[in-house]
Each structure stands twice: as structure tokens, then as C-alpha cells.
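The values are calculated or read from the model by the stated rules, or taken from the named source; none is laboratory data. Quantities reported herein were computed from a predicted structural model and do not represent experimental measurements. No Cβ is skipped: glycine too gets one built from the backbone with ideal geometry, and neighbour counts run over all protein chains shown. Keep in mind that these areas ignore ligands, DNA and RNA; they rest on the heavy atoms of the full protein, side chains included. Shrake-Rupley method; radii C 1.70, N 1.55, O 1.52, S 1.80 Å.
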Amino acid sequence: MARAALPLCAALSLLRCAAAADCPIVIDPPTVVVRYGDPSSANCTATRTTRGMGWEASVGSIDMQTGPQSLVWSVSNLTDWAVEPKCYANFDTEPKQCLKKLNILLYKYPDSVSISYNPAGALEEGMPYVQQCEVQSIAPAQNLSVNWYRFGVVIHRETFSTASSTGPVTVYPNLVITPNRTDDGAQYSCEIEMNLGPGGPQPNPVIKSKIIVTTVLYKPVLKDPHVEHVLVKHGVEDEYLTCSASGNPAPRYEWKFPPGLPNDQQPQSEERGTQLHLSPVFPGEYVCNATNSYGTVSKTFVVSLEEGRSRTTFWAILVTGIALAALLLIGYVILKSRAGKNSII
């Protein structure tokens with residue numbers, strides 16, 4: 001007779017059984033948060049005398065028992081993702097039969113969390129790329145938040161609030177980025193946070209991926225202005241012109257010389273790197289081209305010689321010489337006039 005109670009409740013509308021507002025059953029705790037494979041339990045207590053009570057469940061079920069006012073459902077190793085334990089009881093008065101469901105949040109940490117680019121490899125400046133955070137075999141996905149980091153600072157956050165699953169799934173949160181040259185060498189990572197509520201582990205479990213270092217390919221860019229005026233002082237026999245650019249791949253350098261520069265003054269090919277040695281100095285425009293597979297950037301050096309210094313020096317010497325000669329002549333005339341006719345001066 002006692003065992004017939006469960007089929008009777010099952011034969012009725014479950015909604016009608018479960019939704020009885022005055023169902024005198026209390027489940028403590030009403031919700032359990034349990035890690036996959038861990039033990040779990042809950043106590044069902046009737047607030048008035050029962051004819052019998054039991055637990056209906058895919059694991060840990062208890063057939064209706066006569067007499068108890070409380071009954072504990074427990075499992076030592078919970079691995080059933082679809083488990084929905086229900087405590088039911090029979091009474092002499094209305095509601096003569098009712099049940100309540102134990103809410104279970106069964107969770108599992110991911111097997112791994114990793115970050116990568118799609119497509120993989122080096123990135124080209126200005127092109128969009130997908131940064132993918134792969135979370136392997138996690139449950140439940142709807143309680144998952146994903147943080148993306150750049151140099152340890154959060155740059156994006158995504159929450160799977162509407163996702164649903166009854167067991168472990170692999171999810172692939174994506175972040176689209178368009179890299180520039182400042183991202184070359186940047187360190188990115190992703191982190192998952194499992195929001196399991198007040199009944200779950202506190203603080204929320206957090207699992208981070210390894211860091212990936214980004215390589216960005218970009219055309220050369222000069223570190224100095226595109227045009228530089230170089231004034232060489234009189235008497236200086238040589239001058240160094242420095243052309244420096246950053247780029248990935250590293251740029252190669254080519255120099256173009258002003259028209260009329262004698263061949264014997266042009267640097268040899270192995271000397272035409274970032275620095276050009278002019279000896280002797282020949283005025284004019286020297287152009288440096290920094291090139292890699294993504295483009296070319298040019299810098300012009302306008303070399304000129306200090307004007308007028310040699311002429312000024314010449315006239316200064318000449319005037320000084322004339323003045324000195326004049327003084328000597330005047331002194332000679334004065335001495336001659338004082339010495340008299342018989343003087344040998």
C-alpha cells in the first residue's frame with residue numbers, strides 16, 4: 001500500500017502536485033551547489049504528520065517510507081547532470097499528496113583555458129583578427145564570465161547569462177582586435193570566472209590562460225622628422241648622417257646622394273646602413289629610404305656648408321695686415337724726420 005503512493009502522485013499532474021501553495025514540505029537547503037563527483041545531500045521535512053514520504057530521483061532515490069517526518073537524500077559521488085531529486089509526501093488531509101524539487105547546481109571546472117589568434121601567426125597592422133579564448137569542457141556555461149587582459153589590465157568582459165547546457169561544453173568566446181604597431185610585443189591573456197552564487201565556492205573560482213605575446217608586422221616608421229637640415233661648420237672635414245626607423249620585419253636602408261657627388265666620395269655598400277659617413281663633406285640632399293615588405297619611408301638630409309666664414313677670415317687678415325703695414329710706415333716716417341739728413345735710417 002505504501003509503495004502505491006509514488007505512482008499516485010506521478011499519475012496526477014506534476015504541476016498540481018508541486019504547485020500546492022500549502023504543501024507542508026521544507027527542503028533544507030533548497031538549493032545545493034556541488035562539484036562534479038563530490039558528495040551531496042539535503043533534508044526533507046514535513047511540517048505535519050504524514051502517511052509516508054520518500055525521494056524520487058535518478059540517483060539516491062528512496063521509496064516511500066511510513067512514519068518519518070524527515071528524510072535525507074544523499075549521494076556519495078554525484079555525476080548525473082540531469083538529476084532532479086523530488087521529495088514527496090502523503091497526508092490524511094488536503095493536500096493529500098504533494099512534492100517539492102531540490103534545486104541542484106552541478107558544476108565542473110574546465111579541463112583547460114587557452115588563448116590564440118584566428119588565423120594563427122603574426123598579425124598585420126590594421127587588419128582585424130579574432131582573439132579566441134577556448135574553454136574546454138566546463139559546466140554550467142550560463143554561469144561563466146570571461147575577461148580579456150592586455151598587459152594585466154582588463155580590456156573586455158563577456159558573460160554567458162543566457163547560455164544553457166545540461167553538462168560539460170566547450171565554449172569559444174571571441175574578441176575582435178585590429179592591431180597597430182604599439183601592439184607588437186603586447187601580452188594578452190584570458191580568464192574565466194565561474195559565478196556559482198552564494199552557495200558555491202567563495203570567492204568565485206577563477207582560471208587563467210597562459211600569456212601569448214603578439215607579433216605585429218608593420219611598415220617602417222621614422223624615429224625623427226622626415227626632413228633634417230645639417231649645417232657643417234667651416235673646417236669640419238667629415239659629418240655623420242643617422243637614419244633610424246622601426247618596423248617589423250626590421251627595415252633595410254638605401255641611400256641616395258646629391259647629383260655631382262664624386263664617385264670616390266660615395267660610401268661603399270657595406271657602409272650604407274643607418275649611418276652615413278661624409279668625408280669630405282659635399283653639400284646637397286641625401287635621401288635615406290627604409291624599406292621592408294610592408295612599405296617604405298624616406299628621410300631627407302639637407303647638408304649645407306657654413307657660408308661667409310672663409311671670406312670674413314680673409315678680409316680680417318688682409319685689413320689687419322694693411323693696418324699693421326700703415327703703422328710701420330708711419331712710424332718709419334716719424335723716426336726718419338727726427339733722425340736728420342745724416343742718419344742711416
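Just checking, does the stretch 122-142 include any residue being under 30 Å from Asn292 (Cβ atoms), hydrophobic (A, V, I, L, M, F, W, C) and surrounded by 17 or more Cβ atoms within 10 Å (Cβ to Cβ)? Yes: one or more hits.
A Cβ distance below 8 Å, combined with a sequence gap of six or more or placement on separate chains, defines the contacts here; from the stretch 178-206, residues that are more than 30 Å from Pro249 (Cα to Cα) reach residues that are open to solvent by less than 60 Å² (accessible area, probe 1.4 Å) and among the acidic types (Asp, Glu) in the pairs Asn204/Glu193; Pro205/Glu193; Val206/Glu191; Val206/Glu193.
Which of the numbered conditions does Pro168 fail, given that it passes all the others? Conditions: (1) at pLDDT 95 or above; (2) touching a strand residue (DSSP E or B) at 6+ places or on another chain (Cβ under 6 Å); (3) open to solvent by 50 Å² or more (accessible area, probe 1.4 Å); (4) more than 28 Å from Thr296 (Cα to Cα). All conditions are met except number (1).
Residues in the stretch 18-69 that are among the polar types (S, T, N, Q), under 45 Å from the mean Cα position of the chain (by Cα) and open to solvent by 50 Å² or more (accessible area, probe 1.4 Å): Thr31, Ser41. Checked against (1) surrounded by fewer than 16 Cβ atoms within 10 Å (Cβ to Cβ); (2) among the acidic types (Asp, Glu); (3) farther than 30 Å from Ser304 by Cβ, Glu193 passes all but a single condition, namely (1). Got at least one residue in the stretch 245-257 being more than 15 Å from Pro220 (Cα to Cα), part of a loop (DSSP other than H, G, I, E, B) and at pLDDT below 90? No, the stretch 245-257 contains no residue that is more than 15 Å from Pro220 (Cα to Cα), part of a loop (DSSP other than H, G, I, E, B) and at pLDDT below 90. Within the stretch 233-259, the set of residues being in contact with a Ser or Thr (Cβ under 7 Å, 6 or more places away or on another chain) and farther than 26 Å from Gly295 by Cβ comprises His234, Glu237, Asp238.
Let's see how each residue does on (1) touching a residue at least 60 places away in the same chain (Cβ under 8 Å); (2) in contact with a His (Cβ under 8 Å, 6 or more places away or on another chain); (3) assigned to a strand (DSSP E or B):
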| residue | (1), (2), (3) |
| --- | --- |
| Thr45 | no, no, yes |
| Met64 | yes, no, yes |
| Trp73 | no, no, yes |
| Asp80 | no, no, no |
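The residues listed here are Thr93, Thr79; of these, the one that is surrounded by fewer than 21 Cβ atoms within 10 Å (Cβ to Cβ), in contact with a Leu (Cβ under 9 Å, 6 or more places away or on another chain) and among the polar types (S, T, N, Q) is Thr79. Are there any pairs, at least 6 apart or on different chains, whose C-beta atoms fall under 6 Å, with the first in the stretch 122-143 and part of a helix (DSSP H, G or I) and the second among the polar types (S, T, N, Q) and open to solvent by 40 Å² or more (accessible area, probe 1.4 Å), and if so, which? The qualifying pairs are Gln142/Ser164; Asn143/Asn195. Regarding the stretch 97-120, can at least one residue be identified that is open to solvent by less than 60 Å² (accessible area, probe 1.4 Å), among the hydrophobic types (A, V, I, L, M, F, W, C) and closer than 27 Å to Gly247 by Cβ? Checked against the condition, which is being open to solvent by less than 60 Å² (accessible area, probe 1.4 Å), among the hydrophobic types (A, V, I, L, M, F, W, C) and closer than 27 Å to Gly247 by Cβ, the stretch 97-120 yields at least one hit. Is it the case that Lys219 is closer than 24 Å to Thr182 by Cβ, in a loop (DSSP other than H, G, I, E, B) and not hydroxyl-bearing (Ser, Thr, Tyr)? Taking the combined requirement at face value, the residue does not satisfy it. Whenever a residue of the stretch 271-298 is open to solvent by 20 Å² or more (accessible area, probe 1.4 Å), its partners that are part of a loop (DSSP other than H, G, I, E, B) and among the small types (Gly, Ala, Ser), lying with C-beta atoms within less than 7 angstrom and at least six residues away or across chains, give the pairs Thr274/Ser244. Would you confirm, using the coordinates I've provided, whether Gly152 is open to solvent by less than 50 Å² (accessible area, probe 1.4 Å) and out of contact with any helix residue (DSSP H, G or I) (no Cβ under 8 Å at 6 or more places or on another chain)? So Gly152 does not fit the description; no.
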